[in-house]
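Written out below as structure tokens is the structure these notes cover.
Any read-out appearing in this document is the output of simple, stated calculations on the displayed coordinates, not a laboratory observation. As the structure is a prediction and not an experimental result, all values here were calculated from the model. Here the Cβ positions follow ideal geometry from the backbone for every residue, glycine too, while neighbour counts run over all protein chains shown.
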Amino acid sequence: MFIRFVTTGGTIDKIYFDAMSQFEVGESQLRHILSEGLVGFDYDVVSLFQKDSLDLTDDDRASIRQFIEQDDAGYYVITHGTDTMPETANALAGLPGKRIVLTGALSPARFRTTDAVFNVGMAVAAVQVVEPGVYIAMSGQIFAAGAVRKNRDANRFEAT
């Protein structure tokens, strides 16, 4: 089993700057999460962006799609910010033979209390068993692209 991980930024990789009381996207924590998880499959990590998902553009989404379309892997986990994750999932729909699972976190992976590790684990499990297509692994569930939204008030993802 080989999984290509693609990082785009988002809360999962944010760093908190105490003196400035703000977050900025930093280096991906994905390699650390996978190393600590003692995973038993082959993988690599490709960083395409280090952006908050609100800053991702349609051109950025097209770049992600083009990368996956031209890449030779069949299994992808994409770490992504939660605010526009459904939009990116929709933009990736229809890539034949590819299994793509987007995930992220509602609190940074660097925090002691975070959903990042759980979500990455869910995405890794999901990408190995789903049919080709695009999915989102968040809030303890797997959602098909086009059938999910972020409920900001409840701070979770839910089916539409």
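Listing for the model above:
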{"read-out": "Highest-first arrangement of 118-124, 93-99, where packing means the average Cβ count within 10 Å", "value": "118-124, 93-99"}
{"read-out": "Highest-MSF residue in the chain out of Asp52, Asp115, Asp71 [GNM, Cα springs under 10 Å]", "value": "Asp71"}
{"read-out": "Normalised alpha carbon radius of gyration of the chain [divisor 2.2 N^0.38 Å]", "value": "0.96"}
{"read-out": "Where trypsin sites (Lys or Arg not before Pro) fall in DSSP loop in the stretch 111-160, at most 16 other Cβ within 10 Å", "value": "Arg112, Arg152"}
{"read-out": "Centroid-to-centroid separation of the stretch 112-146 and the stretch 29-73 [C-alpha atoms, Å]", "value": "14 Å"}
{"read-out": "Choice from Ala145, Ala116, Ala73 with maximal GNM fluctuation in the chain (Cα, 10 Å cutoff)", "value": "Ala73"}
{"read-out": "Most fluctuating residue given options Val148, Val127, Val77, as computed from a GNM of the chain linking Cα atoms under 10 Å", "value": "Val148"}
{"read-out": "Rounded to 5, percent antiparallel among DSSP beta bridges of the chain", "value": "40 percent"}
